[in-house]
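The values are calculated or read from the model by the stated rules, or taken from the named source; none is laboratory data. What you are looking at is a predicted structure, and each value in this text was computed from that prediction instead of being measured. Cβ: placed from backbone, ideal geometry, glycine included. Neighbour counts: every protein chain shown. Areas reflect the complete protein model, heavy atoms only, side chains present, ligands, DNA and RNA absent. Shrake-Rupley method; radii C 1.70, N 1.55, O 1.52, S 1.80 Å.
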Amino acid sequence: MTGLVADDPGQPTSEPSVTGSVARCSSAQWTQRYTHAVMDTFGPPQRVLVRGDGVWVWDADGRRYLDLLGGIAVNVLGHAHPTLTAAVSAQLGTLGHVSNFFASPTQIALAERLLDLAGAPPGSRVFFTNSGTEAIEAAVKLTRRHSDGARPRLLALEGAFHGRTMGALALTAKAAYREPFEPLGSPVEWLPFGDRDALCAAFAHDGDQVAALVAEPVQGEAGVRPLPSGWLAEARRLTTAHGALLVLDEVQSGMGRTGTWFAHQQTELGGGIVPDVVTVAKGLGGGFPVGALIAYGPRTAGLLGRGQHGTTFGGNPVAAAAGLAVTGVIERDGLLAHVTALGQTWRTALRDLAHPLVREVRGLGLLIGVELVAPVAAAVTARALEAGIIVNAATPTTLRLAPPYILTSADAEIFTQFLGDLPTDPEDLR
Ligand SMILES: *Cc1c(COP(=O)(O)O)cnc(C)c1O
């Protein structure tokens, strides 16, 4: 056993044991150890969490929090869900990993289920990844094969977030994320969000040089912004007319988050359109890392040929078992209908507060953005944490809610009351 950090001499055996169990430290002690050992890319952790159960988590000091962020739209079944835990444990106890020289039944079954949930036409195929950014990475490579150098243009939307690896980063609009790492390969043109005229204009000249248009049906990181009705249909029409691929990033909005398996299946967001590529991750494993790219139709599905892409862990049997358990429970427990209904009543309740601090409540299903009248989202988030509620400031003015699908209306009401009790003057929050 190695020593403890120098200024934390009093702790007994607080190193992880060989079984991975960790002895007790206070939150403050853990935070200090974090700052010595974990790279400072995220800043200091808000709390150190040690346990979860359903929609609740507990920190190292024993305080309880209502988790309305769900690991950023990940923990769709909440924490320690018995079915997910059992599925993952059983698979790890049977066959934990094989290389992609081999396959496993769970991998094959999850690929079939994703194609089924996507309503993908015959000839469609899945590529498994470990994260969202890797699914986007695969999409970028697939797009390269589609264009074969003849289509240099890549279109994305202002406000877009597609990940942090170099290819996905090239598509990400926020300069602070992207510019320190430039050059990032093919240049990307960002179109004004949801602007149909700008979309048409982008294809009016050199439209045949567009390799792909990449979009989130609901922008998550930008503050839960659903695309306006009709935009995706127009995007589909133009990409088809010009032979470009339509890539929908549903890493955050997919897997039932909005009340349909994929956000683009929502009538107001594009219902009926068939994209060329859809990426998913976050909610798919319910907390177990797994992502996927779905390529629609035989031509797109064949763009990445043998040896042209790969990953050691992608399609891992345990990750696939998690995906099967998550989708299975959502179906078995009727969670899509619940997400739709609760999302609707919750947004209405939040609007009905008519709180002077709230400018707008938007979103679909259980992906909800509360737009504030002033840039005090971080202060509200800190207050919520003190009050035992985890939410997130997606932007300086937007609170993001992306809770587990098992949230009850009584749970939701806890946040509604918290919001209602906030001071009405933003100055009182600063
Ligand atoms: C989170 C997210 C990503 C990146 O996923 P990671 O798993 O963090 O790599 C990509 N696109 C969207 C829309 C996301 O919300």
Using only DSSP helix segments of four residues or longer, with each worth -39500 (n - 2.57), what per-residue ellipticity at 222 nm results for the chain after dividing by its residue count and rounding to 500? -10500 deg cm²/dmol
Global size of the chain as Cα Rg and Dmax, reported in angstrom: 22.1, 69
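Using per-residue counts of other Cβ atoms within 10 Å, averaged over each peptide, order 307-320, 409-422 from highest down.
Numbers: 307-320: 19.1, 409-422: 16.8.
Sorting 307-320, 409-422 by mean packing, highest first, produces 307-320, 409-422.
Ranked from highest to lowest mean number of other Cβ atoms within 10 Å per residue, what is the order of the peptides 33-40, 257-264? Let's see the in-between values first.
Numbers: 33-40: 10.9, 257-264: 25.9.
Order by mean packing, descending: 257-264, 33-40.
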Could you calculate the contour length gain from Glu331 to Ala103, that is, 0.36 nm times the residue separation minus the distance between their Cα atoms, to one decimal place in nm? 79.6 nm
Dipole moment magnitude, nearest 20 debye, segment 300-430 about Cα centre, only Lys, Arg, Asp, Glu C-beta charged: 580
What Kirkwood radius, in Å to one decimal, follows from the Cα pairs of segment 195-331? 16.1
Size of electric dipole in the chain: Cβ of Lys, Arg +1 and of Asp, Glu -1, about Cα centre, debye, nearest 20: 860
Report the label-to-label distance for Glu234 and Arg164 in nanometres (one decimal), using points 7 Å from each Cα along the Cα→Cβ vector. 3.4
How many Å² of accessible area per residue for segment 49-137, probe 1.4 Å? 48
I'd like the distance between the alpha-carbon centres of segment 197-257 and segment 287-334, rounded to an integer number of Å. 22
Once the Cα gyration tensor of segment 280-424 is found, what semi-axes does its equivalent ellipsoid get, as square roots of 5 times the eigenvalues, in whole Å, sorted largest first? 36, 18, 15
Where does each of 152-158, 219-225 land if you order them by average Cβ count within 10 Å, highest first? 219-225, 152-158
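How large is the dipole of segment 140-252 about the Cα centre if only Lys and Arg carry +1 and Asp and Glu carry -1, each at its Cβ, rounded to the nearest 20 debye?
Values: 12 positive and 14 negative charges, 58 e Å.
Dipole size: approximately 280 debye.
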As I understand it, the dipole of the chain uses +1 on the Cβ of Lys and Arg and -1 on the Cβ of Asp and Glu, about the Cα centre. Which of Thr340, Ala387, Gln32 lies farthest toward its positive end? Thr340
With θ set to phi - 60° and the Karplus curve 6.51 cos²θ - 1.76 cosθ + 1.60, what are the ³J(HN,Hα) couplings of segment 135-149 in order, to the nearest whole Hz, using x for Gly and Pro? 5, 5, 4, 4, 5, 5, 5, 4, 5, 4, 5, 5, 8, 6, x
